[in-house]
Amino acid sequence: MEKILIKDVILDGVTQDILIEGNLITEIGNNLKKDNALIINGKGKAALPAFYNMHTHSAMEILRGYADDMALMPWLQDKIWPVEGKMTEEDVYWGTKFACLEMIKGGTVLANDMYWHWHGEARAVQEMGIRMINGYTVLDLLDDQKLPQIKEEVQKTFEESHKYGDLVKFSLAPHAIYTVSEKTLIWTTEFARKHDLNIHIHVAETEHEFNECKKNHGLTPLAYLDQIGVLDSNVFAAHMVWLSDDDFEIVKKRNLKVIHCPVSNMKLGSGIFRFQDYQEHNIPICVGTDGCSSNNNLDMFEEMKFAALLPKISTRNPEIASAEEIFKTTTLNPAQSLGMPAGEIKIGNLADIILIDLDNINLIPNHNLISNLVYSAHGDCVHTTICNGKILMQNRKVEGEEEIISNFKRVVKPLK
Ligand SMILES: [Zn+2]
């Protein structure tokens, strides 16, 4: 069993050692010793739980900066989908490798993802060593005649999904209510229940979606999904901006997992997430970046800052969304929503750890580390990234990064 001993690192404000054995944190204390352990000098660094990015489309790295300053529907229909239609599995493979590189460099070790060419993503993620809940995108453009073909493809991909190791998990990602027919949504739900899988779906992202759903079904998007039986505790709903007051009761009743994407919502002008209402209903929130075309990066530090600022301006209350609370939306809340022993550095938890360089200029002075991380820092303050007990980055170097960057540039070129 591999062992890593992090010596003299700041943890919860105190200098301590952390022992990792296999993929778990097994000891925390002073003057720890372990034979055959790889020693990491933690001096001048702080140990924190690594980030879990709960909504993204990794290979959309390819589309960074390709189509900005547009509303969601023309953006999807005129710009994004035509290019995505031309992407090959190889493009997605390198796009995902590049996304993993960006995530590792910024201290992120789990992506709750939804994209095309499932195997291309899975292969890339397995090689890079992060965790991914890899959502198989289900989309029939409201034509349920496509369901038999979707069934066949989902079944086949699910059966093949186990060969990518423990860190890559299969999930089902019906895109949204405006792109997936009711029949297909219901089948997707049944398949997920039968095989104990998560569902990852965009819900109530725009006012247009909200109004169309009311017009077509007489219900809000959330109430509609509840009525057709989709909503349950295995459903990870991204965006969740346009909710009626009654919808919050549905979220609670179904123990729905809520993913807030502040930058994407602001960039696409989708609307303002009702942070205070979620808080008043005691509904935990996770945060995600969304894809690189609507963000345009995967930096969880930046995302935390926006997640903290948006509720303050929308309620004109600077006391809402504290740094401590927001830090949990990228660490403890995602881990709990996924039922994983993670999100905090403690004995018995998975060894998903980042070491922050306390000499990074954005972290000086260090009156309050969490405040610095949420309001001041960027991904470049991460010195070391460890996922599942494996070092993925040390001293900001990731193995094979030059090759990833050059191949990524190669696959991007012909898409222009
Ligand atoms: Zn999205």
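Annotations
- Here the range 1-84 is treated as a Stokes sphere of Kirkwood radius computed over C-alpha pairs; at 37 °C and 0.692 mPa s its diffusion coefficient rounds to 200 µm²/s.
- Set of aspartates and glutamates with alpha-carbon distance to Lys215 below 16 Å, sequence-local pairs under 8 removed: Glu182, Glu207
- Note on the range 269-318: Rg/Rh from C-alpha atoms, Kirkwood Rh, equals 0.98.
- Aspartates and glutamates with Cα under 17 Å of Lys252, excluding same-chain neighbours fewer than 8 positions away: Asp226, Asp232, Asp277, Glu280
- With the simple spin-label model, which puts each label point 7 Å out from Cα in the Cβ direction, the Asn368 to Lys34 separation comes to 3.4 nm.
- Portion, in percent, of the accessible area of the range 92-164 that falls on carbon or sulfur, probe 1.4 Å: 52 percent
- Straight-distance crosslink candidates among lysines, where the alpha carbon sits under 22 Å from Lys194 and sequence neighbours closer than 8 are dropped: Lys146, Lys151, Lys156, Lys163, Lys169, Lys183, Lys253, Lys257
- Among residues other than Ala46 with Cβ under 13 Å from its Cβ, the summed charge is -2 (Lys and Arg +1, Asp and Glu -1).
- From helices alone, the chain scores -10000 deg cm²/dmol at 222 nm; the rule is -39500 (n - 2.57) for each run of n ≥ 4 DSSP H residues, then divide by the residue total.
- Residues whose placed amide H lies under 5 Å from that of Met54, excluding near-sequence neighbours: Asn112, Val287, Gly288, Thr289
- Helix axis angle, 401-412 relative to the chain longest principal axis, alpha carbon, degrees: 20 degrees
- For q = 0.10, 0.13, 0.18 Å⁻¹, Debye-computed log10 I/I(0) when each Cα of the range 260-395 counts as one equal scatterer: -0.35, -0.60, -1.14
- Antiparallel %, DSSP beta bridges [both residues in the chain], to 5: 45 percent
- Per residue, the accessible area of the range 160-243 comes to 38 Å² when a 1.4 Å probe rolls over the protein heavy atoms.
- With coordinates expressed along the principal axes, the C-alpha atoms belonging to the chain extend over 65, 47, 41 Å, beginning with the largest.
- Bridge type composition, the range 1-134 - antiparallel percent by DSSP, nearest 5: 50 percent
The values are calculated or read from the model by the stated rules, or taken from the named source; none is laboratory data. Keep in mind it's a predicted model, so treat the numbers as computed, not measured. Every residue, glycine as well, gets a Cβ built from its backbone with ideal geometry; the counts of neighbours run over all protein chains shown. Surface areas here come from the heavy atoms of the whole protein model, side chains and all, with no ligands, DNA or RNA. Shrake-Rupley method; radii C 1.70, N 1.55, O 1.52, S 1.80 Å.
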